[in-house]
Amino acid sequence: MAPSPEFIELSNNNITDKSLDRDCTTLSRHVLQQFESFSPQAQDLSALMSRIALAGKLVARRLSHAGLMEGVLGFTGDVNVQGESVQKMDIYANDVFISVFKQSGLVCRLASEEMEKPYYIPENCPIGRYTLLYDPIDGSSNTDTNLSLGSIFAIRQQEGDDLDGEAKDLLTDGRKQIAAGYILYGPSTMLVYTIGKGVHSFTLDPSLGEFILTEENIQIPAHGSVYSVNEGNFWQWDESIREYIRYVHRTEGYTARYSGAMVSDIHRILVQGGVFLYPGILPKPEGKLRLLYESAPLAFVIEQAGGRATTGLVDILDIVPKKLHQRTPLIIGSKKDVAKVESFIQNGH
Ligand code: AHG
Ligand code: MN
Ligand code: MN
């Protein structure tokens, strides 16, 4: 007996079910789709992103149990190369990325905010000539109060042999990054990445253990109402930044949002528009944020989404660092809002 028209329609609906298609768009498949090929580079990048996703899942799992386990919260008592107190989660997350990339055959070196020198994985080097740069936990002061945190990452291709172990080839501009993104540990865990072909977000489905596509080709609004800055530093800023803040105070339509973790602040701005600032302060004119592990990866993401990132004088992606742990002032977000801050810095209004 021939199937009824209703039956045929039902079956077709099932086959083309959009939600099923979306459920199958995992991160590694998405990276391959972006390349439109199975070239060696496409496969490498897909494998690299899968490993980063695994690191994110391990960190997210530990954070979700933090209040139930011994030894997760609190400080280690040590101070890192940045002169900052180290949280136990900083060390755990730093080690997670190392473990995940050991024996992966993908990454020859890892350079992190938490390590004075890069970590070398010599057995990977003959095959995997990539370097992972990362901030294992961004916003770590939020850890003990169960607030949003992040991880930031960038991938670069190793140039030269690095025989002296100084990783000098990493002292190049941010346009050399081949991939970058962040993981946001919020009410859900999200991964946002770019390989220079737009910006895409994924949400971790805990029941599948997979990051599933949430939004493709995210475009940051040209302007937004949010300004995100630690106003506690007001009297330590340059007068031009103080003037900009006075301008937003007296202009209708601005609202302040600052979480203590730039990954969440910048994610809000990516979706809703606005500007995040961490300017220099009197005792530290270069500011707080690290170029290679924080500012440059986030600048790559935001530029790919149609936004901008600058020190106020030069684009973040054009800065050539002199040392691995170099800091930069950072103004990042919607084009028009970044331009406004820039105009205060360059012209005083
Ligand atoms: P990290 O936890 O990696 O040191 O980064 C924290 C950064 C950034 O995420 C955040 O916006 C900023 O530092 C907070 O610093 P203040 O407390 O000085 O505002
Ligand atoms: Mn950070
Ligand atoms: Mn950090």
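Which entries of Lys168/Lys197; Lys57/Lys176; Lys197/Lys288; Lys176/Lys322 have Cα-Cα distances beyond 21 Å here? Write down the numbers at each step before the final one.
Working: Lys168/Lys197 27 Å; Lys57/Lys176 27 Å; Lys197/Lys288 29 Å; Lys176/Lys322 15 Å.
Listed pairs above 21 Å: Lys168/Lys197; Lys57/Lys176; Lys197/Lys288.
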*When only Cα pairs under 8 Å and 6 or more residues apart are kept, what is the percent relative contact order across the chain?*
14 percent
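Which order do the peptides 147-156, 247-256 take when ranked by the mean count of other beta-carbon atoms within 10 Å per residue, highest first?
In descending order of packing, they fall as 147-156, 247-256.
How much net charge surrounds Ile212 when only the other residues with a Cβ under 15 Å from the Cβ of Ile212 are counted, with Lys and Arg +1 and Asp and Glu -1? Mind showing how you got there, number by number?
Numbers: positive: Lys18, Arg22, Arg29, Lys57; negative: Asp17, Asp21, Asp23, Asp205, Glu210, Glu215, Glu216.
With Lys, Arg at +1 and Asp, Glu at -1, the net is -3.
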_Whole-number D in µm²/s for the stretch 116-187 (Stokes-Einstein; Kirkwood sum over Cα pairs; 4 °C, 1.567 mPa s)_ = 92 µm²/s
*By the scheme Lys and Arg +1, Asp and Glu -1, what is the net charge of all other residues having a beta-carbon under 10 Å from that of Phe75?*
-2
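For the stretch 123-279, with only Lys/Arg (+1) and Asp/Glu (-1) charged at the beta-carbon, what is the dipole magnitude about the Cα centre, in debye rounded to 20? Please list the in-between numbers first.
On the way: 11 positive and 21 negative charges, 112 e Å.
The calculated dipole for the stretch 123-279 is roughly 540 debye.
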*Please give the residues of the stretch 308-349, grouped as numeric ranges, whose backbone N is less than 19 Å from a label point set 7 Å along the Cα-to-Cβ vector of Arg250.*
340-349
*Spread of Cα-to-Cα distances over 20 Å intervals beginning at zero, given as percent, for the chain*: 30, 56, 13, 2, 0
*asked:* Explain nothing, just compute: Karplus ³J(HN,Hα) = 6.51 cos²θ - 1.76 cosθ + 1.60, θ = phi - 60°, for every residue of the stretch 28-35 in order, whole Hz, x for Gly and Pro.
replied: 5, 5, 4, 4, 4, 4, 4, 7
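What does the convex hull of the Cα atoms of the stretch 127-278 come to per residue, in Å³, rounded to a whole number? Walk me through the numbers before you get to the answer.
Working: hull volume 27.0 nm³, N = 152.
Per-residue hull volume (Cα only) is 177 Å³.
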*Kindly provide log₁₀ I(q)/I(0) values, in the same order as q = 0.22 Å⁻¹, from the Debye equation applied to equal alpha-carbon scatterers of the stretch 195-269.*
-1.08
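Highest first, please rank the peptides 266-276, 115-125 by the mean number of other Cβ atoms sitting within 10 Å of their residues. Write down the numbers at each step before the final one.
Values: 266-276: 23.7, 115-125: 15.0.
Descending packing order for the listed peptides: 266-276, 115-125.
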*Kindly rank 175-183, 158-166 from highest to lowest mean number of other beta carbons found within 10 Å of each residue.*
175-183, 158-166
*asked:* Looking only at Cβ-Cβ distances, which cysteines of the chain have no other cysteine closer than 4.7 Å?
replied: Cys24
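Rule-based calculations on the coordinates, nothing more; no lab input. All values reported here derive from a predicted model rather than from experimental measurement. FYI the Cβ positions are ideal-geometry reconstructions off the backbone, even for glycines, and counts take in every protein chain you see.
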